[in-house]
Amino acid sequence: MLFVGLALLFLVACFSFVLLFGAPYLPTMSKQVQIAMDMVGLKPGQTLLELGCGDGKVLIAAARRGWRVVGYELNPLLVLVCKVRTWRYRKLVVVKWGNFWTQDWPAADGIFVFVLLRQMKKLDKKIMQSTSNPVKLVSFAFEVPNKKPIKKSPHGVYLYRYN
């Protein structure tokens, strides 16, 4: 009984503490993942960052297109799930356990996010500070405040370009 209680406490802690730094885990729907991958439009060999990679669904979709992909995840349990799910694509996928707000990002051609609206302004600033080459941002569900998307889908996916 004690073991079950401790395991439950650990699960709650893993999924709750991330709320201090970011968004809760919510899986992105498959239709929106495909729309986002089409919108960002990278070529094989280019790199996509996923900020908050959760269960790895976006990482897998990107790897299937031949893209290199780096995913950041704060929840240690989701990092393990993601690593297991993306094992088949390990030559293209890197999963990093950590807070993407405090990490130095590798050079990338595209970025995928599904973060809360309250974080989008902070994300806009971080992208401008962290990238020196042109990069596309594709966001599911939330727009960047005071920035016009270059493309948006009726399914809540927004595309931005940073130069």
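Where a number appears in this text, it was derived from the coordinates with a stated rule and is not lab data. For clarity, every value in this text was computed on a predicted model and none was experimentally measured. Ideal geometry is used to build each Cβ from the backbone, glycine not excepted, and the neighbour counts take in all protein chains shown.
Computed values, structure above
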quantity: Normalised contact order of the range 2-162, rounded percent, pairs of Cα under 8 Å and 6 or more residues apart; calculated: 21 percent
quantity: Computed E for Lys152/Trp97 - FRET, C-beta separation, R0 41 angstrom, nearest 0.05; calculated: 0.80
quantity: Cα-based reach from Lys57 at 18 Å (exclusive), listing lysines while leaving out same-chain residues under 8 positions away; calculated: Lys31, Lys83, Lys91, Lys96
quantity: Rounded to 10°, Cα long-axis angle of helix 30-40 versus longest principal axis of the chain; calculated: 40 degrees
quantity: Helix 2-16 axis, angle to the chain major axis (alpha carbon atoms, nearest 10°); calculated: 20 degrees
quantity: Residue among Asn133, Asn99, Asn146 with the largest mean-square fluctuation in a Gaussian network model of the chain, springs linking Cα atoms under 10 Å; calculated: Asn146
quantity: Electrostatic dipole magnitude of the chain [Cβ: Lys, Arg +1; Asp, Glu -1; Cα centre; debye, to 20]; calculated: 440 debye
quantity: Where trypsin sites (Lys or Arg not before Pro) fall in DSSP loop in the range 87-163, at most 12 other Cβ within 10 Å; calculated: Arg90, Lys91
quantity: For Ala108, net neighbour charge (Lys/Arg +1, Asp/Glu -1) across residues whose Cβ lies under 15 Å away; calculated: +4
quantity: Two-site label geometry, Leu26 and Arg118: point separation in nm, points 7 Å out along Cα→Cβ; calculated: 1.4 nm
quantity: Added length on full extension, which subtracts the Cα-Cα distance from 0.36 nm per residue, Asp38 to Arg88; calculated: 15.8 nm
quantity: For the range 82-163: rounded, prolate or oblate by the Cα gyration tensor [a/c cutoff 1.5]; calculated: prolate
quantity: Most mobile of Lys148, Lys83, Lys31 in a GNM of the chain (Cα contacts under 10 Å); calculated: Lys31
